[in-house]
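The structure appears right after this line, and notes come after that.
The values are calculated or read from the model by the stated rules, or taken from the named source; none is laboratory data. Keep in mind the model is a prediction, meaning the values are calculated, not measured. Positions of Cβ are backbone-derived with ideal geometry, glycine not excepted, and every protein chain shown enters the neighbour counts. Accessible surface is based on the protein model in full, side chains and every heavy atom, while ligands, DNA and RNA are left aside. Shrake-Rupley method; radii C 1.70, N 1.55, O 1.52, S 1.80 Å.
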Amino acid sequence: MHPPEIESVLDLAESYALLNRSGKTQRDLLRGRTLINLFFEDSTRTRTSFELAGKRLGADVINMSVSTSSVNKGETLLDTAATLNAMNCDLLVVRHGDSGAPALLARKVDAAVINAGDGTHEHPTQALLDALTIRRRRGRLEGLTVAICGDVLHSRVARSNIFLLSAMGSRVRVIGPPTLMPAEVTRLGVEVFHDMREGLEGCDIVMMLRLQKERMTRGLIPSFREFFRFYGLDAEKLAFAKPDALVMHPGPMNRGVEIASDVADDPIRSLIKEQVEMGVAVRMAVLDMLARRNQRND
Amino acid sequence: MTDLIFENVRLLDPAAGLDMAGALLVRDGRIADLGRGFGRPEGARVIDGDGAVLCPGLVDMRAEVGEPGGEYRETIASAAVAAAAGGITTLAALPDTKPAIDDPALVRHLRARGEETGSLTILPYAAATKGCRGEELAELGLLREAGAVAFTDGARAIGSARMMRLILSYAKAFGARVVQHPEEPTLAEGGAATSGELATRLGLPAIHPAAEALMVARDLRLLRMTGGALHFAHVSTGEALGLIRAAKTDGLDVTCDTAPPYFDLNETAIGNFRTYAKLSPPLRAEEDRLAVVAALADGTIDAIASDHQPRDADDKRLPFAQAAAGGVGLATLLAVTLAQVHGGAIPLARALGLLTAGPSKVLGVKAGTLAKGAPADLCLFDLDAAWQVEAGELPGRAQNTPFDGRALEGRVIGTWKAGRRVFG
């Protein structure tokens, strides 16, 4: 996406954020349209967020998760696509454990496909909601220094945020142990730090990533206590960022692993709850825009 | 503490490029002045060196000290006695003990145990993997904070390429060097001597020297991938040294050490199944020994370590293949190194550099220099005094020297730790 497109999504999402706060709905917008949440990976918050967004705009929302789908019975991803296509759904929200799976589906179905997180590739609506949250607080994205911290290697959230924030003119840093840093990550236009204090110096935004527990069993870090000591965000490390730096986390948090509770729950500096709120607004904007586009195509 | 002045000594400090006749003044445990032309303070205790060499206390970057878990072989106290007799005042202790040094508390414990001796600073290595088992990363960050000087699994090679990559990569974040025992474990398994005519004649299971080069080649390639800092311990073959030399030229952060047996002895020392000469890596062919000497001279080798491995008599009183590998080396480190000086292979300053500034630089520590203000860790030795190594008569507990019977020139007269005499 180009900066003007991103701006227009954020502007629309902003209006939905206001609408949601006012308690009103726009149930006629997607009336009669079908949204399928197709989740091959467990997710409560993203699925709920899309479900709520769809319902607030009046769509019929169906949730399919892997445990109830035919995939367990041996159906391939493309068989699933053909089946869904035959059902004439309008919007397909896909979460999959493999990078590129939603893109593959998108080529085979007529519905608009929204990537709700694919493998370690991308999570675009997360980056949009993060951008909206930052923009509401800081009034802009351009010129801000944003640190993305933790398991960058396995994080689709990190990748999407790097792409979006860099496009919008933020300076992006990534901080984490070398074992959790993807190769050639500097080619994405970021600065790499292995020392968190150094990396946080002068940052406006500190974005923490969730550390997947299975990373430990893969042996990429020695222990949670060590991870917290060097890469967990606590008040002492946060003090190295700007005095008014804001803290974000895509959730769900591992308290005491990547973030200390007092930082996560800081009512002034933590944006974590606001991120969830903006998530619904951003997804409403995305559904709205895609539905309109498909309408034009009809 | 009264002032102490060494007069009529040859001051030799490779770190500063210093080699001159002069004097050195110790005040409050530190080097207060050195050189020529400063007065003798009133009341100072005088040591007349009679032309002997005064150099920094030696830094031994690789030794087993028996603790914890191997106290029947050696204790820190007995190792400290042997070290002082060898002129060593700083020693890096290996972590593959029982239990392994893989917890921050154990690192602090070893440091404290060194301080208790009053004569020896112990720089603890910490395990690179939990339990030195080669399976899971140890807590390198916390261990480093506790004072670990570098990371290694000791005598166990880190066999898995994936594990080595992770260790090199992770250690980089904490500015720590990874030390490898360069031996491809599947090739070395069960071997007792270097492969060749002698092992064949004796009918001993052999380790091909390529087991070393293979591991060095692999790890250098991994280092190129990860960045970070790598050190190869007790390198013993010309082929491996050639790889390291080339990697240094390419600018990789790689260092290596060797140990006296690898430049002073060759495979023939095992003679008629002498288990005291069973070492790991095994003593090599003469051409490899010569390659090690050449690498000492050309700077490929950064340090000479004692590679002290205390063994109990019962560990060695076994058929050769079953006997434990390893030899003691603290008391003989200096004199066996000096044999290369007397033999004309390397100059004295270079030899001492390999025992002081070299290992300090590899480990990133401040020891091993005669700088003003530095702790007065000193070694005074007679370059030419002759003596003979005799197993059973060595200082310290363990006596398993591969140099039994070796006639040597160069003997420690005295050793000082922070200005206090601890030997001689």
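Filtering the range A:152-179 to residues that are over 22 Å from A:F240 (Cα atoms), within 14 Å of chain B (Cβ to nearest Cβ) and not in a loop (DSSP other than H, G, I, E, B) leaves only A:T179. If you go through the range A:198-213 and keep only what is exposed (fewer than 15 other Cβ atoms within 10 Å of the Cβ) and within 14 Å of chain B (Cβ to nearest Cβ), you end up with just A:E198.
Of everything in the range B:255-274 that is of a type in the set (S, T, N, Q) and either touching a residue at least 60 places away in the same chain (Cβ under 8 Å) or in contact with a Cys (Cβ under 9 Å, 6 or more places away or on another chain) (or both), the residue that is nearest to B:G203 (Cα to Cα) is B:T268.
Take the range B:377-386 and flag every residue that is open to solvent by less than 40 Å² (accessible area, probe 1.4 Å) and free of Cβ contacts under 8 Å to residues at least 60 places away in the same chain. Matches in the range B:377-386: B:A385 only. Residues of the range A:141-166 that are of a type in the set (A, V, I, L, M, F, W, C) and under 22 Å from A:T46 (Cβ atoms): A:V146, A:I148, A:C149, A:V152, A:L153, A:V157, A:A158, A:I162, A:F163, A:L164, A:L165. Scanning the range A:125-140 for residues that are surrounded by fewer than 23 Cβ atoms within 10 Å (Cβ to Cβ) and either hydroxyl-bearing (S, T, Y) or in contact with a helix residue (DSSP H, G or I) (Cβ under 9 Å, 6 or more places away or on another chain) (or both) gives A:R135, A:R136, A:R137, A:R140.
Just checking, which of B:P95, B:P99, B:P68 is over 30 Å from B:E409 (Cα atoms) and either without any contact (Cβ under 8 Å) to a residue 24 or more places away in the chain or open to solvent by less than 20 Å² (accessible area, probe 1.4 Å) (or both)? Every option except B:P95 fails the conditions. Of the set (1) within 24 Å of B:L143 (Cα to Cα); (2) open to solvent by 30 Å² or more (accessible area, probe 1.4 Å); (3) of a type outside the set (S, T, N, Q); (4) within 11 Å of chain B (Cβ to nearest Cβ), all apply to A:A183 but (1).
Condition check ((1) under 17 Å from A:D234 (Cα atoms); (2) at pLDDT 95 or above) across all residues:
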residue	(1), (2)
A:V185	no, yes
A:V192	no, yes
A:L200	yes, yes
A:V206	yes, yes
A:Q212	no, no
A:R215	no, no
A:G219	no, no
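Restricting attention to the range B:28-73 and to residues that are touching a helix residue (DSSP H, G or I) at 6+ places or on another chain (Cβ under 8 Å) and of a type in the set (D, E, K, R), the residue that is farthest from B:T401 (Cα to Cα) turns out to be B:E67. Take B:T75 and tell me if it is polar (S, T, N, Q), modelled with pLDDT of 95 or more and surrounded by fewer than 24 Cβ atoms within 10 Å (Cβ to Cβ). The answer is yes for B:T75. Only one entry in B:D384, B:D404 is at pLDDT 95 or above and either of a type in the set (G, A, S) or closer than 22 Å to B:G70 by Cβ (or both), namely B:D404.
Counting the residues of the range A:247-298 that are closer than 24 Å to A:R47 by Cβ, part of a helix (DSSP H, G or I) and free of Cβ contacts under 8 Å to residues at least 60 places away in the same chain gives 4.
Listed here are the helices (runs of 4 or more DSSP H) enclosed by the range B:285-370 that have at least 2 residues being polar (S, T, N, Q): B:333-342. Among the residues of the range A:215-241, those identified as more than 14 Å from every other protein chain (Cβ to nearest Cβ) and either in a strand (DSSP E or B) or free of Cβ contacts under 8 Å to residues at least 60 places away in the same chain (or both) are A:L233, A:D234, A:A235, A:E236, A:L238, A:A239, A:F240.
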